Amino acid sequence: MYAITIPEPGGPEALIWAEAPDPVPGEGEVLVEVAAAAVNRADVLQRQGFYNPPPGASPYPGLECSGRIAALGPGVSGWSVGDEVCALLGGGGYAQKVAVPAGQLLPVPEGVDLVTAAALPEVACTVWSNVFMVSHLRPGETLLVHGGGSGIGTMAIQLGKAVGAKVAVTAGGPAKLERCAELGADILIDYREQDFVDEVLKATDGVGADVILDIMGAKYLERNVRALAVNGRLAIIGLQGGAKGELNLGALLTKRAAVTATSLRGRPASEKATIVAAVREHVWPLIAGGQVRPVVDRTLPLADAAEGHRVLEASSHVGKVLLTA
(Lines give C-alpha, C1' and ligand atoms only; values in the text may rest on other atoms or scores of the structure.)
Protein backbone atom coordinates (compact mmCIF):
# COMPACT_ATOMS: atom_id res chain seq x y z
CA MET A 1 0.00 0.00 0.00
CA TYR A 2 0.90 3.69 0.02
CA ALA A 3 0.75 5.99 3.05
CA ILE A 4 1.71 9.49 4.11
CA THR A 5 4.97 9.10 6.00
CA ILE A 6 6.99 11.59 8.07
CA PRO A 7 10.69 10.76 7.60
CA GLU A 8 11.67 13.92 9.51
CA PRO A 9 9.48 16.39 11.46
CA GLY A 10 8.88 19.75 9.82
CA GLY A 11 6.45 21.83 7.79
CA PRO A 12 3.76 20.47 5.49
CA GLU A 13 6.47 19.45 3.01
CA ALA A 14 7.58 16.82 5.57
CA LEU A 15 4.54 14.71 4.59
CA ILE A 16 5.78 12.15 2.02
CA TRP A 17 3.55 9.83 -0.02
CA ALA A 18 5.49 6.57 -0.03
CA GLU A 19 5.12 2.82 -0.26
CA ALA A 20 4.55 1.14 3.12
CA PRO A 21 3.89 -2.39 4.38
CA ASP A 22 0.27 -3.50 4.51
CA PRO A 23 -1.08 -3.64 8.09
CA VAL A 24 -2.27 -7.00 9.40
CA PRO A 25 -5.31 -7.04 11.69
CA GLY A 26 -4.59 -8.55 15.09
CA GLU A 27 -6.87 -10.06 17.69
CA GLY A 28 -10.13 -8.06 17.81
CA GLU A 29 -9.17 -5.85 14.85
CA VAL A 30 -10.44 -5.38 11.32
CA LEU A 31 -8.58 -4.23 8.22
CA VAL A 32 -10.22 -1.21 6.58
CA GLU A 33 -9.56 -0.19 2.97
CA VAL A 34 -9.57 3.58 3.39
CA ALA A 35 -11.88 5.74 1.28
CA ALA A 36 -11.12 9.03 3.06
CA ALA A 37 -9.41 10.44 6.13
CA ALA A 38 -9.84 13.78 7.89
CA VAL A 39 -7.20 16.34 8.87
CA ASN A 40 -6.99 17.16 12.58
CA ARG A 41 -4.81 19.46 14.71
CA ALA A 42 -3.21 16.38 16.25
CA ASP A 43 -1.93 15.42 12.78
CA VAL A 44 -0.22 18.80 12.48
CA LEU A 45 1.41 18.34 15.89
CA GLN A 46 2.58 14.84 14.92
CA ARG A 47 4.09 16.19 11.69
CA GLN A 48 5.95 18.82 13.71
CA GLY A 49 7.36 16.16 16.04
CA PHE A 50 5.31 17.16 19.10
CA TYR A 51 2.68 14.39 19.34
CA ASN A 52 3.81 10.82 18.83
CA PRO A 53 1.22 8.06 18.30
CA PRO A 54 0.35 6.01 21.39
CA PRO A 55 2.16 2.66 21.82
CA GLY A 56 0.98 0.08 19.32
CA ALA A 57 -0.70 2.58 16.99
CA SER A 58 0.21 3.09 13.35
CA PRO A 59 3.13 5.51 12.84
CA TYR A 60 1.27 7.35 10.10
CA PRO A 61 -0.96 10.37 10.87
CA GLY A 62 -4.74 10.26 10.71
CA LEU A 63 -7.12 9.92 13.67
CA GLU A 64 -10.26 9.03 11.72
CA CYS A 65 -11.21 7.48 8.41
CA SER A 66 -14.00 5.93 6.40
CA GLY A 67 -13.85 2.91 4.12
CA ARG A 68 -14.80 -0.73 3.63
CA ILE A 69 -13.83 -3.70 5.73
CA ALA A 70 -11.30 -5.78 3.77
CA ALA A 71 -10.54 -8.47 6.37
CA LEU A 72 -11.47 -9.56 9.88
CA GLY A 73 -8.90 -10.40 12.52
CA PRO A 74 -9.31 -13.23 15.03
CA GLY A 75 -12.16 -12.86 17.51
CA VAL A 76 -14.16 -10.25 15.60
CA SER A 77 -17.93 -10.64 15.39
CA GLY A 78 -20.74 -8.35 14.32
CA TRP A 79 -18.92 -7.06 11.23
CA SER A 80 -18.47 -8.50 7.73
CA VAL A 81 -16.06 -8.02 4.86
CA GLY A 82 -17.47 -5.31 2.59
CA ASP A 83 -19.25 -3.35 5.36
CA GLU A 84 -19.01 0.40 4.90
CA VAL A 85 -17.68 1.95 8.10
CA CYS A 86 -15.98 4.95 9.65
CA ALA A 87 -13.53 4.63 12.49
CA LEU A 88 -11.80 6.38 15.37
CA LEU A 89 -8.05 5.71 15.14
CA GLY A 90 -4.92 6.04 17.22
CA GLY A 91 -3.17 6.76 13.93
CA GLY A 92 -2.86 5.46 10.38
CA GLY A 93 -5.75 7.14 8.58
CA TYR A 94 -3.46 8.76 5.99
CA ALA A 95 -2.97 5.42 4.23
CA GLN A 96 -4.70 3.11 1.79
CA LYS A 97 -5.31 0.54 4.54
CA VAL A 98 -5.46 0.63 8.33
CA ALA A 99 -6.03 -1.91 11.11
CA VAL A 100 -8.70 -0.80 13.59
CA PRO A 101 -9.96 -2.28 16.89
CA ALA A 102 -13.50 -3.44 16.21
CA GLY A 103 -14.77 -1.42 19.18
CA GLN A 104 -13.75 1.79 17.39
CA LEU A 105 -15.82 1.11 14.27
CA LEU A 106 -19.08 2.83 13.42
CA PRO A 107 -21.42 2.09 10.51
CA VAL A 108 -21.72 4.88 7.96
CA PRO A 109 -24.80 6.82 9.15
CA GLU A 110 -27.95 6.75 7.07
CA GLY A 111 -27.97 9.63 4.58
CA VAL A 112 -24.19 10.17 4.62
CA ASP A 113 -21.93 9.06 1.75
CA LEU A 114 -18.82 6.98 2.39
CA VAL A 115 -16.27 9.78 1.86
CA THR A 116 -18.13 12.36 3.96
CA ALA A 117 -18.42 9.86 6.83
CA ALA A 118 -14.69 10.37 7.45
CA ALA A 119 -15.58 13.79 8.89
CA LEU A 120 -17.53 12.29 11.80
CA PRO A 121 -15.73 9.92 14.23
CA GLU A 122 -13.20 12.22 15.91
CA VAL A 123 -15.50 15.24 16.29
CA ALA A 124 -18.54 13.23 17.35
CA CYS A 125 -16.55 11.27 19.94
CA THR A 126 -14.75 14.36 21.24
CA VAL A 127 -17.90 16.46 21.59
CA TRP A 128 -20.14 13.75 22.98
CA SER A 129 -17.58 12.56 25.55
CA ASN A 130 -16.69 16.04 26.80
CA VAL A 131 -19.93 18.01 26.54
CA PHE A 132 -22.32 15.24 27.52
CA MET A 133 -20.54 12.31 29.22
CA VAL A 134 -18.23 14.52 31.33
CA SER A 135 -19.89 17.95 31.48
CA HIS A 136 -23.52 16.71 31.38
CA LEU A 137 -25.01 19.52 29.28
CA ARG A 138 -28.76 19.65 29.86
CA PRO A 139 -31.71 21.18 27.98
CA GLY A 140 -32.08 24.89 28.69
CA GLU A 141 -28.45 25.37 29.68
CA THR A 142 -25.95 27.57 27.83
CA LEU A 143 -23.00 26.02 26.00
CA LEU A 144 -20.05 28.21 24.97
CA VAL A 145 -17.97 26.74 22.13
CA HIS A 146 -14.60 28.25 21.32
CA GLY A 147 -13.62 27.88 17.68
CA GLY A 148 -17.16 27.55 16.40
CA GLY A 149 -16.03 27.24 12.78
CA SER A 150 -13.76 24.25 13.41
CA GLY A 151 -14.73 20.63 12.92
CA ILE A 152 -15.24 20.26 16.67
CA GLY A 153 -17.12 23.55 16.80
CA THR A 154 -19.56 22.77 14.00
CA MET A 155 -20.43 19.45 15.64
CA ALA A 156 -20.76 20.98 19.12
CA ILE A 157 -23.16 23.67 17.87
CA GLN A 158 -25.46 21.10 16.31
CA LEU A 159 -25.42 18.65 19.20
CA GLY A 160 -25.99 21.44 21.70
CA LYS A 161 -29.04 22.63 19.78
CA ALA A 162 -30.30 19.08 19.30
CA VAL A 163 -30.57 18.59 23.07
CA GLY A 164 -32.24 21.96 23.62
CA ALA A 165 -29.33 24.10 24.86
CA LYS A 166 -28.59 27.72 23.99
CA VAL A 167 -25.28 27.83 22.10
CA ALA A 168 -22.73 30.65 22.12
CA VAL A 169 -19.68 30.55 19.84
CA THR A 170 -16.46 32.44 19.33
CA ALA A 171 -15.01 32.62 15.82
CA GLY A 172 -12.80 34.92 13.78
CA GLY A 173 -14.77 37.22 11.50
CA PRO A 174 -18.32 37.67 10.18
CA ALA A 175 -18.10 34.93 7.52
CA LYS A 176 -17.35 32.20 10.04
CA LEU A 177 -19.95 33.52 12.45
CA GLU A 178 -22.54 33.47 9.69
CA ARG A 179 -21.83 29.78 9.08
CA CYS A 180 -22.13 29.13 12.82
CA ALA A 181 -25.51 30.87 12.83
CA GLU A 182 -26.67 28.68 9.95
CA LEU A 183 -25.86 25.64 12.10
CA GLY A 184 -27.96 27.03 14.94
CA ALA A 185 -25.66 29.13 17.13
CA ASP A 186 -27.63 31.67 19.16
CA ILE A 187 -24.86 33.97 20.44
CA LEU A 188 -22.19 35.01 17.94
CA ILE A 189 -18.91 36.46 19.25
CA ASP A 190 -16.08 37.70 17.06
CA TYR A 191 -13.06 37.07 19.28
CA ARG A 192 -11.02 39.56 17.25
CA GLU A 193 -13.37 42.44 18.09
CA GLN A 194 -15.31 41.42 21.21
CA ASP A 195 -14.60 40.12 24.71
CA PHE A 196 -16.34 36.78 25.02
CA VAL A 197 -16.82 37.14 28.79
CA ASP A 198 -18.75 40.38 28.38
CA GLU A 199 -20.82 39.02 25.51
CA VAL A 200 -21.75 35.76 27.25
CA LEU A 201 -22.71 37.53 30.48
CA LYS A 202 -24.75 40.10 28.53
CA ALA A 203 -26.59 37.41 26.55
CA THR A 204 -27.38 35.37 29.68
CA ASP A 205 -28.44 38.27 31.94
CA GLY A 206 -25.27 37.90 33.98
CA VAL A 207 -25.64 34.16 34.59
CA GLY A 208 -22.82 32.89 32.36
CA ALA A 209 -22.24 29.66 30.47
CA ASP A 210 -23.10 26.34 32.09
CA VAL A 211 -20.62 24.43 29.93
CA ILE A 212 -17.59 25.75 28.04
CA LEU A 213 -15.78 23.64 25.42
CA ASP A 214 -12.31 25.12 25.11
CA ILE A 215 -9.53 24.52 22.58
CA MET A 216 -7.26 27.35 23.74
CA GLY A 217 -6.03 26.31 27.17
CA ALA A 218 -3.89 28.77 29.14
CA LYS A 219 -4.72 31.88 27.10
CA TYR A 220 -8.43 31.62 27.91
CA LEU A 221 -8.28 29.96 31.35
CA GLU A 222 -8.91 33.00 33.56
CA ARG A 223 -11.58 34.44 31.26
CA ASN A 224 -13.29 31.07 30.92
CA VAL A 225 -13.66 30.86 34.69
CA ARG A 226 -15.17 34.37 34.75
CA ALA A 227 -17.60 33.37 31.99
CA LEU A 228 -18.82 30.27 33.85
CA ALA A 229 -22.17 30.16 35.60
CA VAL A 230 -22.56 28.90 39.14
CA ASN A 231 -22.09 25.11 38.99
CA GLY A 232 -20.50 25.60 35.56
CA ARG A 233 -18.24 23.05 33.86
CA LEU A 234 -15.16 23.96 31.80
CA ALA A 235 -13.90 21.20 29.48
CA ILE A 236 -10.44 21.85 28.04
CA ILE A 237 -9.61 19.77 24.96
CA GLY A 238 -6.83 21.79 23.31
CA LEU A 239 -3.82 23.93 24.11
CA GLN A 240 -3.63 26.24 21.10
CA GLY A 241 -3.18 29.16 23.53
CA GLY A 242 -0.55 27.49 25.70
CA ALA A 243 -0.27 24.83 28.38
CA LYS A 244 0.50 26.79 31.55
CA GLY A 245 -1.89 29.29 33.09
CA GLU A 246 -2.91 30.64 36.48
CA LEU A 247 -6.13 29.30 37.94
CA ASN A 248 -8.02 31.30 40.57
CA LEU A 249 -9.26 28.57 42.90
CA GLY A 250 -11.23 31.16 44.87
CA ALA A 251 -13.31 31.94 41.80
CA LEU A 252 -13.93 28.23 41.25
CA LEU A 253 -15.00 27.78 44.87
CA THR A 254 -17.35 30.74 44.69
CA LYS A 255 -19.01 29.34 41.59
CA ARG A 256 -18.82 25.68 42.70
CA ALA A 257 -17.39 25.12 39.22
CA ALA A 258 -15.38 22.26 37.72
CA VAL A 259 -12.48 22.17 35.28
CA THR A 260 -11.64 19.02 33.32
CA ALA A 261 -8.97 18.41 30.71
CA THR A 262 -9.14 15.40 28.42
CA SER A 263 -7.58 13.93 25.31
CA LEU A 264 -8.98 11.14 23.16
CA ARG A 265 -6.06 9.66 21.23
CA GLY A 266 -4.16 8.15 24.16
CA ARG A 267 -7.12 6.57 25.96
CA PRO A 268 -7.22 2.79 26.39
CA ALA A 269 -9.13 0.91 23.72
CA SER A 270 -11.83 0.00 26.23
CA GLU A 271 -12.55 3.67 26.99
CA LYS A 272 -12.62 4.53 23.30
CA ALA A 273 -15.04 1.67 22.69
CA THR A 274 -17.35 3.01 25.41
CA ILE A 275 -17.34 6.46 23.82
CA VAL A 276 -17.90 5.05 20.32
CA ALA A 277 -20.85 2.98 21.58
CA ALA A 278 -22.39 6.08 23.17
CA VAL A 279 -21.95 8.05 19.94
CA ARG A 280 -23.62 5.28 17.96
CA GLU A 281 -26.53 5.25 20.40
CA HIS A 282 -27.06 8.99 20.79
CA VAL A 283 -25.50 10.83 17.85
CA TRP A 284 -26.06 8.52 14.89
CA PRO A 285 -29.90 8.74 15.15
CA LEU A 286 -29.61 12.56 15.10
CA ILE A 287 -27.55 12.36 11.90
CA ALA A 288 -29.97 9.88 10.32
CA GLY A 289 -32.85 12.19 11.26
CA GLY A 290 -31.19 15.25 9.72
CA GLN A 291 -30.79 17.19 12.99
CA VAL A 292 -27.00 16.92 12.81
CA ARG A 293 -24.85 16.78 9.70
CA PRO A 294 -21.16 16.58 8.89
CA VAL A 295 -19.68 19.88 7.74
CA VAL A 296 -16.94 19.50 5.10
CA ASP A 297 -14.98 22.52 3.90
CA ARG A 298 -13.08 20.80 1.10
CA THR A 299 -11.81 17.45 -0.13
CA LEU A 300 -8.27 16.85 -1.42
CA PRO A 301 -6.36 13.78 -2.64
CA LEU A 302 -4.58 11.90 0.15
CA ALA A 303 -1.27 12.29 -1.68
CA ASP A 304 -1.76 16.08 -1.32
CA ALA A 305 -2.03 15.92 2.48
CA ALA A 306 0.45 18.79 2.74
CA GLU A 307 -2.11 21.17 1.26
CA GLY A 308 -4.69 19.95 3.77
CA HIS A 309 -2.30 20.83 6.57
CA ARG A 310 -1.71 24.29 5.10
CA VAL A 311 -5.46 24.92 5.03
CA LEU A 312 -5.85 23.82 8.65
CA GLU A 313 -2.92 25.91 9.88
CA ALA A 314 -4.26 28.99 8.06
CA SER A 315 -7.62 28.53 9.84
CA SER A 316 -9.38 29.52 6.64
CA HIS A 317 -11.76 26.56 6.74
CA VAL A 318 -15.16 25.89 8.30
CA GLY A 319 -15.76 22.31 9.32
CA LYS A 320 -13.53 19.44 8.21
CA VAL A 321 -10.85 19.05 5.55
CA LEU A 322 -10.93 15.56 4.02
CA LEU A 323 -8.32 13.54 2.14
CA THR A 324 -9.54 10.90 -0.31
CA ALA A 325 -7.59 7.71 -0.86
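The values are calculated or read from the model by the stated rules, or taken from the named source; none is laboratory data. On a predicted model such as this, the values are computed, not experimentally measured, just so you know. Positions of Cβ are generated from backbone atoms using ideal geometry, with glycine treated the same way; all protein chains shown enter the neighbour counts. When the accessible area is computed, the model is the full protein with side chains, heavy atoms only, and any ligands, DNA or RNA have been set aside. Shrake-Rupley method; radii C 1.70, N 1.55, O 1.52, S 1.80 Å.
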| query | With respect to residue 20, is the statement that it is modelled with pLDDT of 95 or more, touching a Phe, Trp or Tyr at 6+ places or on another chain (Cβ under 9 Å), crowded, with 18+ Cβ neighbours inside 10 Å and closer than 22 Å to residue 298 by Cβ true? | reply | no
| field | Enumeration of residues in the stretch 24-46 that are out of contact with any Lys or Arg (no Cβ under 6 Å at 6 or more places or on another chain), within 18 Å of residue 99 (Cβ to Cβ) and open to solvent by 30 Å² or more (accessible area, probe 1.4 Å) | value | 24, 27, 29
| query | Among the numbered criteria (1) over 27 Å from residue 3 (Cβ atoms); (2) small (Gly, Ala, Ser); (3) touching an Asp or Glu at 6+ places or on another chain (Cβ under 6 Å), which single criterion is violated by residue 99? | reply | (1)
| query | Can you pull out the residues in the stretch 47-71 that are part of a helix (DSSP H, G or I) and open to solvent by less than 30 Å² (accessible area, probe 1.4 Å)? | reply | 47
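Of the residues 161, 97, 166, which single one is among the basic types (Lys, Arg), under 24 Å from residue 306 (Cα atoms) and at pLDDT 95 or above?
Selected residue: 97, the only one of 161, 97, 166 that is among the basic types (Lys, Arg), under 24 Å from residue 306 (Cα atoms) and at pLDDT 95 or above.
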| query | What do you reckon, is residue 225 part of a helix (DSSP H, G or I) and in contact with a Lys or Arg (Cβ under 8 Å, 6 or more places away or on another chain)? | reply | yes
| So, of the residues in the stretch 300-325 that are assigned to a helix (DSSP H, G or I) and among the charged types (D, E, K, R), which turns out to be nearest to the chain's Cα centre (by Cα)? | 313
| So which residues in the stretch 288-299 are over 16 Å from the mean Cα position of the chain (by Cα) and not hydroxyl-bearing (Ser, Thr, Tyr)? | 288, 289, 290, 291, 298
| message | Out of the residues in the stretch 112-144 meeting the condition of being in a helix (DSSP H, G or I) and touching a Pro at 6+ places or on another chain (Cβ under 6 Å), tell me which one is most open to solvent (accessible area, probe 1.4 Å). | response | 116
| request: Look at residue 168 and say whether it is buried (at least 21 other Cβ atoms within 10 Å of the Cβ), among the small types (Gly, Ala, Ser), touching a strand residue (DSSP E or B) at 6+ places or on another chain (Cβ under 6 Å) and in a strand (DSSP E or B). | output: yes
| query | Among the residues of the stretch 97-110, is any open to solvent by less than 50 Å² (accessible area, probe 1.4 Å), under 27 Å from residue 159 (Cα atoms) and part of a loop (DSSP other than H, G, I, E, B)? | reply | yes
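Do we have residue 170 as closer than 28 Å to residue 265 by Cβ and without any contact (Cβ under 8 Å) to a residue 60 or more places away in the chain here?
Values: closer than 28 Å to residue 265 by Cβ: yes; without any contact (Cβ under 8 Å) to a residue 60 or more places away in the chain: yes.
In short, yes.
Name the residues in the stretch 252-299 that are aliphatic (A, V, I, L, M), in a strand (DSSP E or B) and either open to solvent by less than 60 Å² (accessible area, probe 1.4 Å) or modelled with pLDDT under 95 (or both), would you?
Those that are aliphatic (A, V, I, L, M), in a strand (DSSP E or B) and either open to solvent by less than 60 Å² (accessible area, probe 1.4 Å) or modelled with pLDDT under 95 (or both): 258, 259, 296.
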| note | The lone condition residue 74 fails out of (1) under 17 Å from residue 269 (Cα atoms); (2) open to solvent by less than 10 Å² (accessible area, probe 1.4 Å); (3) part of a loop (DSSP other than H, G, I, E, B); (4) not small (Gly, Ala, Ser) is (2)
